[in-house]
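The values are calculated or read from the model by the stated rules, or taken from the named source; none is laboratory data. No experiment lies behind these values; they were computed from the predicted model shown. Quick reminder, even Gly has a Cβ in these numbers, built from the backbone with ideal geometry, and neighbours come from all protein chains shown. When the accessible area is computed, the model is the full protein with side chains, heavy atoms only, and any ligands, DNA or RNA have been set aside. Shrake-Rupley method; radii C 1.70, N 1.55, O 1.52, S 1.80 Å.
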Amino acid sequence: AQSVAQPEDQVNVAEGNPLTVKCTYSVSGNPYLFWYVQYPNRGLQFLLKYITGDNLVKGSYGFEAEFNKSQTSFHLKKPSALVSDSALYFCAVRTGGKLIFGQGTELSVKP
Amino acid sequence: DGGITQSPKYLFRKEGQNVTLSCEQNLNHDAMYWYRQDPGQGLRLIYYSQIVNDFQKGDIAEGYSVSREKKESFPLTVTSAQKNPTAFYLCASSMGGTIGEKLFFGSGTQLSVL
């Protein structure tokens, strides 16, 4: 079965430091992977996606993600974190006509 | 201003009561989805519809019902059979038909039991 896992419930980073939010996936066939961000009491906003091509995908707000087929991972990264990046981040995989989401990772960026 | 509108923002349900959550989109999207969000569990798919007058069960459809009579509307009814309805409900839509398309989300409805 297609699935996606986010091994960390929470990630804490100091402002200005690089951040990584981890995601691993299990799919049969080619993976179609997404990252979304959710601010408190709001819906999800699309950040970026990997369909095919370059393993490094660039998205909104300076975020990027690296697709690693051998490690079945799709980690979200940003070179320099901002306090305003604090939010809940979801990794997702496309299967059939629907998206399956990971359990989410709470990112906290402190000044 | 295009987007997805969910209403109400907050909803309270009494024991044995059915309640309906509204989701409307003016993006001309074919596909629409309902997710339930519980703390620490991420989003779980309740129902989805890829075209008008057709819908499929997701992973946790029991205790819920939907209809898709119009392209722009996909209401979700939480029935009395859903014993643990307290959650944040998110509606989403997408163009439909391509594997790489993204979902657009509404702002959600928080449902609580009185």
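What the table shows:
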| item | result |
| --- | --- |
| Diffusion coefficient, µm² s⁻¹, Stokes-Einstein with Kirkwood Rh over alpha-carbon pairs of chain B at 20 °C and 1.002 mPa s | 152 µm²/s |
| Average projection area in nm² (convex hull over Cα atoms of the stretch B:19-61, one quarter of hull surface) | 3.8 nm² |
| Cross-link pairs beyond the 29 Å C-alpha cut-off, checked among A:Lys69/B:Lys102; A:Lys77/B:Lys83; A:Lys78/B:Lys9; A:Lys49/B:Lys57; A:Lys58/B:Lys70; A:Lys58/B:Lys57 | A:Lys77/B:Lys83; A:Lys78/B:Lys9; A:Lys58/B:Lys70; A:Lys58/B:Lys57 |
| A:Cys23 long-range amide H proximity, modeled H, under 5 Å | A:Phe74, A:His75, A:Leu76 |
| Ranked order, B:Met95, B:Met32 - accessible area, probe 1.4 Å, largest first | B:Met95, B:Met32 |
| Accessible area expressed per residue, the stretch B:26-94, with surrounding protein chains retained (probe 1.4 Å, Å²) | 43 Å² |
| Equivalent ellipsoid semi-axes, the stretch B:1-40, via Cα gyration tensor eigenvalues times 5, rooted, Å | 24, 13, 10 |
| Centroid-to-centroid separation of the stretch B:52-114 and the stretch A:15-56 [C-alpha atoms, Å] | 22 Å |
| Estimated inter-spin distance, B:Ser107 and A:Leu56, nm [label 7 Å along Cα→Cβ] | 3.8 nm |
| Estimated FRET transfer efficiency when R0 is 25 angstrom, pair B:Phe12-B:Lys70 (beta carbons, to 0.05) | 0.40 |
| Choice from A:Asn30, A:Asn41, A:Asn55 showing the highest fluctuation, given a GNM over chain A with Cα pairs closer than 10 Å | A:Asn41 |
| Buried area at the B-A interface (accessible, heavy atoms, 1.4 Å probe, summed, Å²) | 1800 Å² |
| Kirkwood hydrodynamic radius of the protein assembly as shown, Cα pairs, Å | 18.0 Å |
| Kirkwood Rh in Å, taken over all unlike Cα pairs in chain A | 14.0 Å |
| Model label zone, B:Val52; criterion: amide N under 13 Å from point 7 Å along Cα-to-beta-carbon; scope the stretch B:20-34 | B:28-31 |
